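Colleague: Take a look at the following structure, please.
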Amino acid sequence: MALPLYKHPVYTMKLPSTGKEIKYRPFLVKDEKNLLLAQQSEEETVMIDTLKNVISSCILSKDVDANKLPVFDLEYIFTQLRIKSVGENIELIFTCRTKDCGEKTKIQFKIEPELVKDPTHTNKIDLFDDVGVVMKYADVDMLKQIRKLDLTNPDAILDLIADSIDYIYDAESVYQRS
């Protein structure tokens, strides 16, 4: 069996959520075009779905599903893709908000590939004695669900909280959310 040949560079990165190392490629012209078209649509769901599709096509590790990755993993992956594909410098244009000014200012900054991670962070919440809950990180589907949430409906809020639970534990057992 021959080794697979890639027509583009292959890079590795560690996922922030798990520390798992994955392989990826820079995005291609067609990926960048899709991102620009999604941005022009100004529809949030279109932009999120396109971003997820581009990330899926750029991840070469077969055991990673972009649909199930936490949102912060997707954001981190996208910054790494952007650095390897377009470059690490970004130029933003800001417009003066003073009443009669309207002058535009260009500001250039560098995307830092360093990951800022709080060493005390945990998704485990101790409730009382030996009882606690471990929460899931929000993925894109949960983010969409949150955006549609009716904050006046307590049942919908409780359902969202229940969907966010991975498992509950006590001193003797672990209870799966299901």
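Colleague: On the accessible surface of the chain, probed at 1.4 Å, how many percent belong to carbon and sulfur atoms? Mind showing how you got there, number by number?
Modeller: Numbers: 7010 of 13090 Å².
With neighbouring chains kept in place, the figure for the chain is 54 percent.
Colleague: For the chain, take the longest principal axis of its alpha carbons; what is the angle in degrees between that and the long axis of helix 29-41, to the nearest 10 within 0 to 90?
Modeller: For helix 29-41, the angle is close to 80 degrees.
Colleague: Still on this structure, I have one more. Quick check for you: with a 1.4 Å probe and neighbouring chains kept, what is the accessible area per residue of region 25-105, in Å²?
Modeller: That works out to 65 Å² for each residue.
Colleague: Quick check for me: using +1 on Lys/Arg Cβ and -1 on Asp/Glu Cβ, what's the dipole size of the chain about its Cα centre, in debye to the nearest 20?
Modeller: Working: 24 positive and 30 negative charges, 238 e Å.
My answer is approximately 1140 debye.
Colleague: Net charge around V134, counting only other residues with Cβ within less than 9 Å of its Cβ (Lys, Arg = +1; Asp, Glu = -1)?
Modeller: Working: positive: K124, K136; negative: D166.
That sum, taken over residues with Cβ under 9 Å, equals +1.
Colleague: Next up: Using Cβ-Cβ distances only, list the Cys residues of the chain with no partner cysteine under 4.7 Å, sorted by number.
Modeller: Taking the Cβ cut-off of 4.7 Å, the unpaired cysteines of the chain are C58.
Colleague: Turning to a different aspect of this structure: Compute the distance from the alpha-carbon center of region 39-111 to that of region 134-178, in whole Å.
Modeller: 27
Colleague: Something else now. Using Cα atoms only, what is the angle between the long axis of helix 44-58 and the major principal axis of the chain, expressed in degrees (0 to 90) to the nearest 10?
Modeller: 80
Colleague: Report, in deg cm²/dmol and to the nearest 500, the calculated mean residue ellipticity at 222 nm for the chain, where each DSSP H run with n ≥ 4 adds -39500 (n - 2.57) and the sum is divided by the residue count.
Modeller: Working: 5 runs with 62 residues, N = 178.
Value at 222 nm, helices only: -11000 deg cm²/dmol.
Colleague: Determine the shape class of region 1-82: with a ≥ b ≥ c the square roots of the Cα gyration tensor eigenvalues, call it rounded for a/c under 1.5, and otherwise prolate if a/b is greater than b/c, oblate otherwise. List each step's numbers first, then the result.
Modeller: Values: a/c = 2.25, a/b = 1.35, b/c = 1.67.
Oblate is the answer for region 1-82, as a/c is 1.5 or above yet b/c matches or exceeds a/b.
Colleague: If you roll a 1.4 Å probe over the heavy atoms of the protein chains, what accessible area per residue do you get for region 106-178, in Å²? Working shown, then result.
Modeller: Values: 5830 Å² over 73 residues.
On a per-residue basis, 80 Å².
Colleague: Quick check on the chain: what does the Kirkwood estimate of hydrodynamic radius come out to from the alpha carbon pairs, in Å?
Modeller: With all distinct Cα pairs of the chain included, I get 19.6 Å.
The values are calculated or read from the model by the stated rules, or taken from the named source; none is laboratory data. Since we're looking at a predicted model, the values are computed, not measured. All Cβ positions, glycine included, derive from the backbone under ideal geometry; neighbour counts span all protein chains shown. Accessible surface is based on the protein model in full, side chains and every heavy atom, while ligands, DNA and RNA are left aside. Shrake-Rupley method; radii C 1.70, N 1.55, O 1.52, S 1.80 Å.
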